[in-house]
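Accompanying notes for the structure given below.
The values are calculated or read from the model by the stated rules, or taken from the named source; none is laboratory data. This structure is a prediction, so every number in the text was calculated from the model and none was measured. In this analysis, Cβ positions are derived from the backbone assuming ideal geometry, glycine residues included, and neighbour counts consider all displayed protein chains.
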Amino acid sequence: MVKSGNMMVAPVSKLRLDSLTNADDVLLQLSRIFAAYMKSIFQFQYEGKVYQLINNYVASPQTRCQVCGNYPIIEVSVIRSEDGQQLRVGNDCIDRLTNREVSRWLQNYRKKRENVIRNRKYIDDVSLILTASRRNELAFQIRECDLETLRLMLEKMVNGFNPSRREEQIAECYIR
């Protein structure tokens, strides 16, 4: 956990392997981290009004920043004033308004989430293999060095990184 203002927020890059058993658990944890991060962005002033960051998404179709007029913006942060007015703003403006690198954090979050989704099959299957191995419930033997490779591969994937081709090959040997 990292202190952000008066809240503790888990960095996107560090999820604990021992508490995550499959891709759905990882995605749920990432969603919780996202929600905590959004709450950690304190209110800020813009044109005499107090605003709060309430959402962030990839625009389709592209849109225009309602603060600076830049077009196109692809990654959109939605801010809402106390009177309910909402503005769609781009990365440069949200970073400037909040005085934080919000856009970088959100890009990292989005990339890690995409990688978890892409690697869902490996996360689920490798997790099952490792759990069965710890319980001595496998119908086959796995070399100790392969177990370590699978453990490191799973840790890498739950933290949003892609496995290497070699790790994929080792996993495929035991998944089939």
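The combined condition, being in the same structural domain as Gln45 (by TED's automatic domain parsing), surrounded by 14 or more Cβ atoms within 10 Å (Cβ to Cβ), touching a residue at least 40 places away in the same chain (Cβ under 8 Å) and in a loop (DSSP other than H, G, I, E, B), is fulfilled by Arg100. Per the listing Tyr37, Tyr71, Tyr57, Tyr109, the residue uniquely of a type outside the set (S, T, N, Q) and either under 30 Å from Ile175 (Cβ atoms) or in contact with a His (Cβ under 9 Å, 6 or more places away or on another chain) (or both) is Tyr109.
A single member of Ile94, Ile129 is under 26 Å from Tyr37 (Cβ atoms) and over 17 Å from the mean Cα position of the chain (by Cα), and it is Ile94.
Assessment of segment 113-121 against the conditions (closer than 14 Å to Gln169 by Cα and out of contact with any Cys (no Cβ under 6 Å at 6 or more places or on another chain)) yields at least one matching residue.
Could you tell me whether segment 115-135 includes any residue that is buried (at least 20 other Cβ atoms within 10 Å of the Cβ), in a helix (DSSP H, G or I) and hydroxyl-bearing (Ser, Thr, Tyr)? Scanning segment 115-135, I find at least one residue that is buried (at least 20 other Cβ atoms within 10 Å of the Cβ), in a helix (DSSP H, G or I) and hydroxyl-bearing (Ser, Thr, Tyr), so the answer is yes. Out of the residues in segment 14-38 meeting the condition of being at pLDDT below 90 and not hydroxyl-bearing (Ser, Thr, Tyr), tell me which one is nearest to Asn119 (Cα to Cα). Restricting to residues being at pLDDT below 90 and not hydroxyl-bearing (Ser, Thr, Tyr), the top hit is Asn22.
If you go through segment 136-176 and keep only what is over 24 Å from the mean Cα position of the chain (by Cα) and not in a helix (DSSP H, G or I), you end up with Asn136, Glu137, Leu138, Ala139, Phe140, Gln141, Ile142, Arg143, Arg176.
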